[in-house]
Amino acid sequence: MERILITGALGQIGTELTLKLREKYGEGNVLPTDIKAPEDDNLKGLPFEILDVRDMERMKGIVSEFRPDTMLHMAALLSATAEKNPQFAWDINMVGLMNALETAREYDLKFFTPSSIGAFGPSTPKENTPQVTIQRPTTMYGVNKVAGELLCDYYFEKFGVDTRSVRFPGLISHVKEPGGGTTDYAVEIYFEAVRNGAYTSFIDKSTNMDMMYMDDAIDAIIKLMEADPDQLVDRNAFNVTAMSINPEMVANEIRKHIPGFTLDYDVDPVRQGIAASWPNAIDASEAKRQWGFQPKYTLEKMTETMLEAIRNKK
Ligand code: SER
């Protein structure tokens, strides 16, 4: 990876990914794009292009001008948003992905797009979920992710496009808040703990889901994309996770820093239903074995880091 185009660069992952890649590969070698212009003043004067991923001509035009060797395709709608407008989600998630893969094929780009724990469903084994297992998701987001995994494998097998992917769990960060995800409670809880000392969770107390701190997620993308292709038996997509947690576990950890923190529940049936259809804890051993995935943040370390960073924002 030397010259990188990012789609969905203003999203939850894209925002931090852009910052990290600019640091590592140089400002001129990273081109962030998104459907809307950045509001952040820090980005002023730096390269940026408006790109709606449904517009393949424009995508190809940007690539033929910038000449990247890698595309990181991050533009997508998350699970709860996709459930509100499934047809629109198909358009963004699938048409966007197809356009990106076609562009990667034509311009010979290495290609990454994230899959998710949402690619699993109620008939998937819930504990220690293997990488290769039953995938019958019941959400539009999940349908998109499974189809996306297969499409990426297809482009690798059929056209030799170097496609690679991970199934991300819920990602937690203080830089950019997520929008419309089922795992968003695990980000909101930290912001509310610092601002109000209290949080009302839309996910029920004992619902375990996999999570990971954003730094580990970005490291995983870089590590996988830099991995020697001969090491990779699998491609689309690797299970990755750092912890399996529920709202009570996060609250208990927060109370070590904010003793009076209170957690209440007002469970949202839609997002609770999605969470209940996902695994409780996935097995990331293949990512560890094949390309050295090794997350650094535990719940304890992540909680400390999140609370400190949010306090410093005030
Ligand atoms: N964080 C995502 C969501 O909740 C999972 O991939 O939709």
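The values are calculated or read from the model by the stated rules, or taken from the named source; none is laboratory data. These figures come from a predicted structure and were not determined experimentally. Reconstructed Cβ throughout: ideal geometry from the backbone, glycine too, with neighbour counts over all protein chains shown. Remember, those area values only see protein heavy atoms, side chains included, never the ligands or the DNA or RNA. Shrake-Rupley method; radii C 1.70, N 1.55, O 1.52, S 1.80 Å.
Projected onto its three principal axes, the C-alpha set of segment 253-314 covers 43, 32, 20 Å, listed from the longest axis down.
For the pair segment 1-41 / segment 235-314, the C-alpha centres are spaced 25 Å from each other. Placing a pseudo-label 7 Å from each Cα along the Cα-to-Cβ vector at Glu23 and Glu127 gives an inter-label distance of 3.8 nm. Compute a Gaussian network model of the chain, connecting alpha carbons closer than 10 Å, and tell me which residue from Ser285, Ser115, Ser79 fluctuates the most. Maximum fluctuation in the GNM of the chain, among the listed residues, is at Ser285.
Apply the Debye scattering formula to segment 157-210, with a single equal point scatterer on each alpha-carbon and no solvent, then give log10 I(q)/I(0) at q = 0.12, 0.16, 0.21 Å⁻¹. Once normalised to I(0) and log-transformed, intensities are -0.40, -0.59, -0.84.
Solvent-accessible surface (1.4 Å probe) assigned to Met140 amounts to roughly 40 Å².
With all pairs of different C-alpha atoms in the average, the Kirkwood value for the hydrodynamic radius of the chain is 19.7 Å. Highest mobility in the GNM of the chain, judged by mean-square fluctuation with C-alpha springs under 10 Å and restricted to Lys20, Lys126, Lys36, is found for Lys36.
With runs of 4+ DSSP H residues as the only contributors, calculate the mean residue ellipticity of the chain at 222 nm using -39,500 (n - 2.57) per run, divided by the residue total and rounded to the nearest 500. Display every interim value, and only then the final one.
Values: 12 runs with 133 residues, N = 314.
Mean residue ellipticity at 222 nm (helix-derived): -13000 deg cm²/dmol.
Just checking the listed ones, Glu102, Glu226, Glu49: in the Gaussian network model of the chain with Cα springs under 10 Å, the one fluctuating most is Glu226.
DSSP beta bridges confined to the chain are antiparallel in about 10 percent of cases.
Between the beta carbons of Arg3 and Ala309, assuming R0 = 30 Å, the FRET efficiency works out to 0.50 to the nearest 0.05.
Roughly speaking, what is the stretch gain from Ala198 to Asp108, that is 0.36 nm per residue apart minus the C-alpha to C-alpha distance, in nm to one decimal?
Values: separation 90, 0.36 × 90 = 32.40 nm, distance 5.01 nm.
The span from Ala198 to Asp108 would gain 27.4 nm if fully extended.
Using a 1.4 angstrom probe on heavy atoms only, work out the carbon and sulfur share of the accessible area of segment 260-314 in %. Don't jump to the answer; show the numbers that get you there.
Working: 1310 of 2830 Å².
The nonpolar share, carbon plus sulfur, comes to 46 percent.
Remark: the Cα gyration tensor places segment 1-142 in the prolate category, a/c being 1.5 or greater and a/b exceeding b/c.
For the chain, what are the DSSP H helices with axial Cα length of 24 Å or more and mean Kyte-Doolittle hydropathy of at least -1.0? Intermediate values should be presented prior to the final figure.
Details: long enough: 140-159 (27 Å, 0.07).
Answer set is 140-159.
Here the Debye sum runs over all C-alpha atoms of segment 181-314 as equal scatterers in vacuum, and log10 of I(q)/I(0) at q = 0.13, 0.16, 0.20, 0.21 Å⁻¹ comes out as -0.61, -0.86, -1.15, -1.21. Based on Cα contacts under 8 Å between residues 6+ apart, segment 103-183 shows a relative contact order of 37 percent.
Here the contact order of the chain, divided by its residue count and restricted to Cα pairs under 8 Å and six or more residues apart, works out to 19 percent.
Spin-label model, Glu177 to Gln294: label points 7 Å out along the Cα-to-beta-carbon direction sit 3.6 nm apart. Across the alpha-carbon set of segment 28-73, the Rg to Rh ratio works out to 0.95, Rh being the Kirkwood radius. Hey, what did segment 1-121 get for relative contact order, percent, Cα under 8 Å, at least 6 apart? Relative contact order here is 28 percent. Of all lysines in the structure, not one lies under 16 Å Cα to Cα from Lys126 without also being fewer than 8 positions from it along the same chain.
Which lysines, if any, have their Cα less than 29 Å from the Cα of Lys158, not counting same-chain residues under 8 positions apart? Of all the lysines, those that pass the test against Lys158 - Cα under 29 Å, at least 8 places apart if same chain - are Lys60, Lys110, Lys145, Lys223, Lys288. Along the charge dipole of the chain, Cβ charges K/R +1 and D/E -1, which of Ala198, Pro229, Pro279 sits furthest on the positive end? Farthest towards the positive end: Ala198.
Compute the signed sum of charges (Lys and Arg +1, Asp and Glu -1) over the other residues within less than 15 Å, Cβ to Cβ, of Gly61.
Working: positive: Arg54, Arg58, Lys60, Arg67; negative: Glu49, Asp52, Asp55, Glu57, Glu65, Glu102, Glu106.
Its environment carries a net charge of -3.
Thr124: net charge of surrounding residues, Cβ under 14 Å, Lys/Arg +1, Asp/Glu -1, itself excluded? Before the final figure, lay out the partial values.
Values: positive: Lys126, Arg136, Lys145, Arg167; negative: Glu127, Glu149, Asp210, Asp283.
Cβ neighbours under 14 Å give a net charge of 0.
Bridgeable aspartates and glutamates around Lys296 (alpha carbons under 13 Å apart, same-chain partners fewer than 8 residues away excluded): Asp215, Asp216, Asp219.
P(r) tail, segment 34-105: Cα-Cα pairs separated by more than 20 Å, 37% of all pairs.
For segment 114-122, putting each phi into the Karplus relation 6.51 cos²θ - 1.76 cosθ + 1.60 with θ = phi - 60° gives couplings of x, 9, 7, 4, x, 6, 9, x, x Hz, in residue order, rounded to whole numbers and with x for Gly and Pro. Projecting label points 7 angstrom from Cα along Cα→Cβ for Asp266 and Asp228 puts them 5.5 nm apart.
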